[in-house]
Amino acid sequence: MLLSQHDGGERSDELFARAVELLPGGVNSPVRAFRGVGGTPRFIRSASGATMTDVDGRTYIDYVGSWGPMILGHADPEVIAALSEALLRGTSFGAPNELEVEIAEEIIAAVPSIEMVRMVNSGTEATMSAIRLARGVTGRTKLVKFEGCYHGHGDSLLVKAGSGVATLGLPDSPGVPAALAESTITAPFNDAEALERIFARHRDIAAVIIEPVVGNMGCVPPNDGYLQSVRELSRRNGALLIFDEVMTGFRVARGGAQELYDIHPDITTLGKIIGGGLPVGAYGGSKELMRHIAPAGPIYQAGTLSGNPLAMTAGLVTLRRLRDLSIYERLEQSSARLCEGISKAASAAGVQTITNRVGSMFTTFFTDQRVVDWTTANRSNRDMYGRFFHGMLAEGVYLAPSQFEAAFVGAAHTDEIIDRTINAAARALSIVNF
Ligand code: HOZ
């Protein structure tokens with residue numbers, strides 16, 4: 001039986017009523033408040049493998065995966081065992097530890113363009129630090145970012161951003177100094193000529209920052225040759241190229257999108273999977289570039305909890321497991337089957353959808369046109385997405401509560417779980433038009 005859109009469950013409803021008096025919007029990060037789809041957010045009590053269970057005892061197949069990190073599934077036994085041991089050795093040292101060296105070796109071995117890396121605590125911190133490095137090294141101020149790409153909530157990057165900014169319709173956040181916003185130039189994704197025109201007009205661009213596969217306006221892949229053009233234009237114009245691989249790193253391939261598309265950026269930002277579900281971020285590049293960071297060089301960036309032993313432990317176990325490349329092959333197969341199943345179910349229900357997918361990242365857009373950039377993503381029918389989302393939730397499937405986010409398939413999504421999801425989608429899609 002379908003639940004009413006506003007039925008969050010007795011305990012979730014009660015907690016949300018308390019939370020809105022205590023936390024802005026009742027949450028600690030905007031998208032999870034369900035404003036993009038309506039209704040009450042589910043409060044999650046526990047998660048295991050491919051599922052999460054809410055405080056009312058309802059279990060959902062989870063395709064949010066904590067917004068990307070949980071590629072091995074929730075509460076992976078090996079990660080939990082390593083964390084349990086690490087906990088007993090202490091939770092934070094504020095001094096170097098062996099695990100930082102080991103995770104740096106792991107990242108450098110996997111990500112083609114990284115020779116040296118700095119660990120931080122979130123993806124936002126990674127991108128903020130990366131643009132400081134780019135500005136410090138080039139002596140230039142301006143940045144280019146792409147409409148609908150989201151790189152965390154740093155001042156310079158909250159301009160025409162995706163994710164919650166797009167979901168809530170807040171393209172220009174109050175509190176961002178105009179001078180900073182003005183030094184960020186935006187371009188449409190997948191349009192190399194637009195970027196060329198920007199470089200022709202502005203000589204002082206420090207960096208171009210891009211999600212090489214966008215996840216934050218929903219999943220939008222780069223067109224053939226597009227990343228190559230972005231690489232060449234940046235190099236030719238003396239700007240550094242930053243690949244924001246917070247989502248795509250160790251996700252679309254072990255070496256991230258840069259391995260998949262064979263493009264080497266100057267700086268890469270990472271997060272999510274490299275923390276195995278604990279708070280983490282990182283940025284890296286060539287040794288020459290990274291030696292500008294303090295204390296090797298003058299560009300300052302620091303963090304009390306950076307290299308935290310718990311985050312390093314969970315990350316290290318996860319990254320070592322991902323040395324087994326057959327995981328990526330299985331993810332490709334299960335994700336392809338899932339997306340084909342959803343597309344067929346949509347056709348059978350007479351609902352126009354376009355499902356974009358790269359590896360285990362995907363989004364079903366409610367539109368009949370190819371989704372290649374923010375303009376086309378924004379044409380999708382968000383009311384229909386909301387009905388689909390709630391239909392799936394009632395069927396026990398938890399998708400991102402916004403059209404402008406990616407879904408993530410993990411190693412714990414078995415064939416049986418994928419089949420159940422496709423059947424749920426068929427039922428949910430049959431009511432989307434009403
Ligand atoms: N920025 C995240 C999605 N791209 C959302 C994080 C959250 O709300 O938990």
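The values are calculated or read from the model by the stated rules, or taken from the named source; none is laboratory data. Bear in mind that the values here come from a model prediction, so they are computed numbers and not experimental data. Neighbour counts run over all protein chains shown; Cβ positions are idealised from the backbone, glycine included. Accessible surface is based on the protein model in full, side chains and every heavy atom, while ligands, DNA and RNA are left aside. Shrake-Rupley method; radii C 1.70, N 1.55, O 1.52, S 1.80 Å.
How much of the pair distance distribution for the stretch 63-160 lies past 16 Å, counting alpha-carbon pairs only, in percent?
So the portion of pairs separated by more than 16 Å is 73 percent.
Can you give the angle from 0 to 90° between the axis of helix 309-321 and the longest principal axis of the chain, with both taken from C-alpha atoms, to the nearest 10?
The angle comes out near 80 degrees.
Only Cα pairs under 8 Å and at least 6 apart count here; give the relative contact order of the chain as a rounded whole percent.
Once normalised by length, the contact order is 22 percent.
Sort 32-41, 299-308 by packing, meaning the average of other beta carbons within 10 Å per residue, with the highest value first.
Peptide ranking by packing, descending: 32-41, 299-308.
Provide, as a two-decimal number, the C-alpha radius of gyration of the stretch 46-105 over 2.2 N^0.38 Å, N being how many residues it has.
So the stretch 46-105 has a normalised radius of gyration of 1.44.
What residues have an amide H closer than 5 Å to that of residue 144, excluding those fewer than 5 places away on the same chain, when H is modeled at 1.01 Å from N in the peptide plane?
HN-HN under 5 Å from residue 144: 185, 207, 208, 209.
Quick check: Cα centre of the stretch 190-237 to Cα centre of the stretch 356-374, how many Å?
With the stretch 190-237 and the stretch 356-374 each reduced to a Cα centre, they are spaced 19 Å.
Within the chain, what whole-number % of the accessible surface is contributed by carbon and sulfur, with the 1.4 Å probe and all protein chains included in the calculation?
Reported share for carbon and sulfur atoms: 51 percent.
How large is ³J(HN,Hα), in whole Hz, for each residue of the stretch 253-267 in order, when computed from phi with the Karplus curve 6.51 cos²θ - 1.76 cosθ + 1.60 and θ = phi - 60°, using x for Gly and Pro?
Whole-Hz 3J(HN,Hα) from phi for the stretch 253-267: 6, 4, x, x, 5, 5, 6, 4, 9, 6, 10, 9, x, 7, 10.
Please enumerate, by chain and number, the lysines with C-alpha under 26 Å from the C-alpha of residue 272, excluding those fewer than 8 residues away in the same chain.
Within the straight-line limit of under 26 Å, residue 272 reaches these lysines: 145, 160, 287.
Taking amide hydrogens as modeled 1.01 Å from N in the peptide plane, which residues meet the under 5 Å criterion relative to residue 281, leaving out close sequence neighbours?
Here 120, 121, 122 satisfy the definition.
Roughly how many Å² is the accessible area per residue of the stretch 332-434, as a whole number, for a 1.4 Å probe?
On a per-residue basis, the stretch 332-434 sits at 38 Å².
Return the inverse of the average 1/r over all pairs of distinct C-alpha atoms in the stretch 91-210, which is the Kirkwood hydrodynamic radius, in Å to one decimal.
Evaluated over the stretch 91-210, this radius sits at 16.1 Å.
If the viscosity is 1.306 mPa s and the temperature 10 °C, what Stokes-Einstein diffusion coefficient in µm²/s follows for the stretch 233-345 when Rh is the Kirkwood radius over Cα pairs?
98
Could you give each residue of the stretch 89-95 its phi-based ³J(HN,Hα) in whole Hz, using Karplus coefficients 6.51, -1.76, 1.60 with θ = phi - 60°, and x for Gly or Pro?
So the Karplus estimates, Gly and Pro as x, are 8, x, 9, 6, 10, x, 8 Hz.
Helix 98-110 sits at what angle to the longest principal axis of the chain, using alpha carbons and giving 0 to 90 degrees rounded to 10?
90
Mind jotting down the distance between the C-alpha centroids of the stretch 266-312 and the stretch 87-128, whole Å?
6
How would you rank 81-87, 259-265, 146-152, highest first, on the average number of other Cβ atoms within 10 Å across their residues?
The peptides rank, most packed first, as 146-152, 259-265, 81-87.
At a temperature of 37 °C and a viscosity of 0.692 mPa s, determine how fast the stretch 218-297 diffuses translationally according to Stokes-Einstein, using the Kirkwood radius over alpha-carbon pairs as Rh; express D in µm²/s, rounded to the nearest whole number.
Reported coefficient: 240 µm²/s.
For the stretch 129-284, what log10 I(q)/I(0) values come out of the Debye formula at q = 0.19 1/Å, with one point per alpha carbon and no solvent?
Evaluating at q = 0.19 Å⁻¹ gives log10 I(q)/I(0) of -1.25.
Going from the alpha-carbon gyration tensor of the stretch 354-413, what semi-axes, largest first and in whole Å, does one get by taking the root of 5 times each eigenvalue?
The three semi-axes for the stretch 354-413 are 19, 16, 8 Å.
Kindly write out, for the stretch 12-22 in residue order, the coupling ³J(HN,Hα) from the Karplus curve 6.51 cos²θ - 1.76 cosθ + 1.60 (θ = phi - 60°), rounded to whole Hz, with x marking Gly and Pro.
5, 4, 5, 5, 5, 4, 5, 5, 5, 7, 10
Mind jotting down the three principal axis lengths of the chain based on Cα atoms? Whole angstrom, largest first.
Principal axes ranked by extent give 61, 54, 46 Å for the Cα atoms.
Roughly what angle does helix 326-349 make with the longest principal axis of the chain, taking Cα atoms, 0 to 90 degrees, to the nearest 10?
50
Pull up all non-local amide H partners of residue 189: gap of 5 or more, or a different chain, and H-to-H distance under 5 Å with H placed in the peptide plane.
147, 374
State the antiparallel share, in %, of DSSP beta bridges confined to the chain, rounding to the nearest 5.
So the antiparallel bridges in the chain amount to around 60 percent.
When the helix-only estimate is applied to the chain (DSSP H runs of n ≥ 4, each -39,500 (n - 2.57), divided by the residue count), what is the mean residue ellipticity at 222 nm, nearest 500 deg cm²/dmol?
-11500 deg cm²/dmol
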